[in-house]
Amino acid sequence: MSNRFWPQAFAIARRDLDRERRSGEVAWVTIPFGAVALLLVPLAVGINQDVLSRIGTGMLFVVVMLFGVLTAVRQTNIETPAQRDAIALLGVDPVAEFAGRSMATALLLLAFQVVMGAVTVALYGLDLAGWEWMVVVMPLTAIGLAELGTLSGSIAASTNAGPALVPLLVTPLAIPLLLGSTQTVESITRDGVNLSWLVLMAIVVLVLAIVGVVTARPLQETR
Amino acid sequence: MTDATRRSRSWLDIVAVAAVVGALVFAMTSPRVESQGDSARMLFIHVPTIWLAYLAFAVTFVASITYLVTKKLKWDLIAGSSAEIGVVFTTVAIIGGAIWGKATWNVYWTWDARLTLTAIMLFVYIGYLALRRSIPDPEARARRSSVLGILGLVQLIPVHFSVTWWRTLHQSNTFRPRDIQMDGPILAALLMSVGAFTLVYASLLRHRVHLAELELVALEAAAATEGPVAGDAVTAPTIDSAGAGE
Amino acid sequence: MLSANAHVVFRRVAARIGVTTILRDVNLTVRAGESVGLFGSNGAGKTTLLRVIATLLRPSAGEAQVLGTDLGSSDRFSIRSRIGLIGHSPALYPELSLAANLEFSARIAGAPLAAANDALETVGLGQARDRLAGEASHGMQRRVEFARELMLQPELLLLDEPHSALDPSAVELVEHIVAGVLDRGGAVVLVSHDVDRVAPMVTRTAELTGGTVR
């Protein structure tokens with residue numbers, strides 16, 4: 001790891017967040033889109049309060065997975081070949097690029113989850129028992145999903161299928177995050193804190209970080 | 001390619017086909033399972049197909065790592081070919097399992113952990129194949145897909161744990177496909193069938209890798225010293241000033 | 001053994017994009033202090049050649065050395081920060097201001113932010129620093145890229161159609177930057193189809209046709 005690692009990682013993260021701040025795609029497109037999805041579910045399955053409060057947490061994280069992927073895809077989507085060339089010639093450390101992008105996406109996903117969480121509580125009349133654990137669950141989900149999205153994004157970058165491929169790569173592999181986040185909350189309401197799900201999520205975050213670091217250079221070789 | 005390799009390939013084909021025929025005969029003549037009737041004979045197809053799926057994806061994983069270490073394109077061809085075979089067999093296993101499930105328990109699908117995992121695995125490798133399709137350059141394709149080949153399998157471990165835990169927590173009346181009594185003749189027929197399918201896998205893999213190698217050779221030949229370069233297709237514009245007013 | 005004191009040494013280099021062969025049998029040597037102009041018609045492979053020299057596209061055959069490093073090896077990543085490339089489509093982030101774009105390059109490359117400011121002044125964009133790149137003209141965006149190269153001072157500068165979208169005053173700027181690189185002992189390769197405008201900046205010219213340099 002070079003001594004320019006963290007400055008580069010932070011510069012990348014800052015760039016991504018600045019671009020989001022100006023374009024507002026997460027704030028004005030992804031969040032409303034996710035909220036509409038949460039609104040559609042009761043229309044489709046009926047407005048039985050028992051049913052809604054039972055499926056609420058699960059629906060929240062399904063929406064977070066499916067729509068959160070859009071946030072991760074966006075990076076691949078908006079980067080032009082010229083921009084990729086330019087950043088390569090600035091001598092960016094590919095590991096720093098992975099770290100910086102994951103950090104920015106994780107922050108955006110966390111914000112997305114918080115808003116979606118509030119929408120779900122309001123629309124589905126959720127009982128908030130166990131929700132204090134969201135303080136741990138949501139960041140773990142955000143980081144894991146961001147890592148997975150960044151990795152898949154750089155695997156699919158500048159291929160013919162490009163951004164369309166990323167959701168297919170991310171979604172099946174995100175299942176431990178989906179199950180971990182819903183089951184943590186559910187297990188608390190059922191039989192007290194079950195830390196094993198959180199441990200599993202933490203391991204996923206760690207494993208993805210290792211895969212991201214180890215494969216950053218082989219992936220750079222393809223450019 | 002030498003004559004010896006060609007000969008050994010056709011020998012493998014013959015042995016594989018013979019083994020499958022033998023296994024089928026064995027399976028059809030094995031004692032009938034009274035509790036399930038003849039539909040239990042699906043076992044002899046179902047278990048080997050699912051075994052092959054796992055074997056094929058494990059080969060993809062190992063070949064992906066080997067490619068990244070050795071940078072020899074052959075390993076990537078093995079990884080890709082094996083994944084293709086794995087996807088075919090996973091699909092067969094899922095569809096076959098659904099038919100068997102319908103015949104035995106009157107449902108096509110159950111949220112059994114193993115079944116759910118198999119379905120997830122199928123989607124992971126469909127993504128892998130989609131990635132391969134989208135990269136024409138052999139070397140770039142090899143790099144990117146080997147990274148995905150590794151990520152896919154590594155991440156399947158937590159996927160496995162999460163799905164298994166999830167099922168244990170929500171234990172309802174899970175169907176147990178393994179409640180068939182495995183006594184001598186049935187077990188022998190099953191093992192034969194697994195062995196025969198493995199030979200089929202080996203034979204398919206060899207053919208598929210060979211085909212991929214031929215594709216690569218054709219690609220190299222097309223890019224070799226003779227023949228036009230991309231720019232040759234561009235000629236000076238032909239502007240006919242007399243016809244401009246038409 | 002390839003010559004060590006040249007910035008670019010290509011021997012029978014070939015390159016392809018996907019399965020399409022673009023370059024073949026390219027022989028090219030660019031020594032330190034030299035500025036080489038490469039000319040060719042549309043589709044001759046000018047841009048591809050620049051991308052190969054810039055380490056962005058790996059040669060599919062032949063021997064290629066840039067800044068003393070073999071392009072076939074993975075060492076090629078270590079020389080990237082010593083190479084500057086101005087391609088023909090702008091590489092700026094449209095959502096960021098012109099200054100923010102340059103400051104991002106400075107942060108990644110480890111250059112002081114003050115240098116970014118100075119460079120922006122030099123290219124005549126001091127007043128327009130807060131304008132979003134997406135709302136700036138093509139010419140202004142190109143000037144920002146020239147400012148980036150002024151700031152980063154590459155040893156090898158590659159220019160793809162440097163005159164497109166530039167007004168006469170900016171053309172002088174290009175000449176100034178090229179002279180600066182040569183003064184520091186660096187080398188410049190520029191490709192163009194406009195022989196006349198590029199001629200004053202180059203010490204040597206070559207023609208790219210049929211996928212090879214003549």
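The values are calculated or read from the model by the stated rules, or taken from the named source; none is laboratory data. The structure presented is a predicted model; accordingly, all values stated were derived computationally and were not measured. Ideal geometry is used to build each Cβ from the backbone, glycine not excepted, and the neighbour counts take in all protein chains shown. Calculation scope for accessible area: heavy atoms of the full protein, side chains included, ligands and nucleic acids excluded. Shrake-Rupley method; radii C 1.70, N 1.55, O 1.52, S 1.80 Å.
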The residue from C:Leu159, C:Leu166, C:Leu173, C:Leu125 that alone is surrounded by fewer than 20 Cβ atoms within 10 Å (Cβ to Cβ) and away from chain B (no Cβ under 14 Å) is C:Leu166
Please go through segment C:81-101 and pick out each residue that is crowded, with 20+ Cβ neighbours inside 10 Å and either within 16 Å of the chain's Cα centre (by Cα) or more than 7 Å from every other protein chain (Cβ to nearest Cβ) (or both).
C:Ile83, C:Gly84, C:Leu85, C:Ile86, C:Gly87, C:Pro90, C:Ala91, C:Leu92, C:Ser97, C:Leu98, C:Ala99, C:Asn101
C:Phe104 vs. criteria within 12 Å of chain A (Cβ to nearest Cβ), open to solvent by 30 Å² or more (accessible area, probe 1.4 Å) and outside any loop (DSSP other than H, G, I, E, B)
no
A careful count of residues in segment A:198-213 that are surrounded by 18 or more Cβ atoms within 10 Å (Cβ to Cβ) and under 14 Å from the mean Cα position of the chain (by Cα) gives 4
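Okay, residues lined up against (1) part of a loop (DSSP other than H, G, I, E, B); (2) of a type in the set (Asp, Glu); (3) in contact with a Leu (Cβ under 6 Å, 6 or more places away or on another chain):
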position	(1), (2), (3)
C:Ala114	no, no, no
C:Asp118	no, yes, no
C:Asp130	yes, yes, no
C:Gly134	no, no, no
C:Arg143	no, no, yes
C:Leu159	no, no, yes
C:Ser169	no, no, no
C:His176	no, no, no
C:Gly185	yes, no, no
Quick one: would you say A:Leu60 is more than 14 Å from chain C (Cβ to nearest Cβ) and either open to solvent by 10 Å² or more (accessible area, probe 1.4 Å) or under 30 Å from C:Arg76 (Cβ atoms) (or both)?
no
Within segment A:131-212, which helices (runs of 4 or more DSSP H) (wholly inside it) include 3 or more residues that are out of contact with any strand residue (DSSP E or B) (no Cβ under 9 Å at 6 or more places or on another chain) and more than 10 Å from every other protein chain (Cβ to nearest Cβ)?
A:134-156, A:175-191
Mind listing whichever residues of segment B:49-76 are farther than 18 Å from B:Leu151 by Cα and part of a helix (DSSP H, G or I)?
B:Thr49, B:Ile50, B:Trp51, B:Leu52, B:Thr70, B:Leu73, B:Lys74
Matching residues, segment C:57-72, being within 11 Å of another protein chain (Cβ to nearest Cβ) and of a type in the set (A, V, I, L, M):
C:Leu57, C:Ala61
Looking only at segment C:17-27, decide whether some residue is within 14 Å of chain B (Cβ to nearest Cβ), farther than 15 Å from C:Leu157 by Cβ and part of a loop (DSSP other than H, G, I, E, B).
yes
Inspect segment B:85-97 for any residue being surrounded by fewer than 17 Cβ atoms within 10 Å (Cβ to Cβ) and farther than 24 Å from B:Val209 by Cβ and give the result as yes or no.
yes
Across segment A:30-50, which residue is farthest from the other protein chains (Cβ to nearest Cβ) among those that are free of Cβ contacts under 8 Å to residues at least 24 places away in the same chain and open to solvent by less than 90 Å² (accessible area, probe 1.4 Å)?
A:Val36
When segment A:143-169 is checked residue by residue, the ones that are without any contact (Cβ under 8 Å) to a residue 40 or more places away in the chain and farther than 21 Å from B:Leu122 by Cβ are A:Thr159, A:Asn160
Quick one: A:Leu195 ticks every box in (1) under 15 Å from the mean Cα position of the chain (by Cα); (2) surrounded by fewer than 21 Cβ atoms within 10 Å (Cβ to Cβ) bar one, so which box is it?
(1)
Of the residues B:Phe57, B:Phe123, which single one is open to solvent by 10 Å² or more (accessible area, probe 1.4 Å) and closer than 30 Å to B:Leu216 by Cβ?
B:Phe123
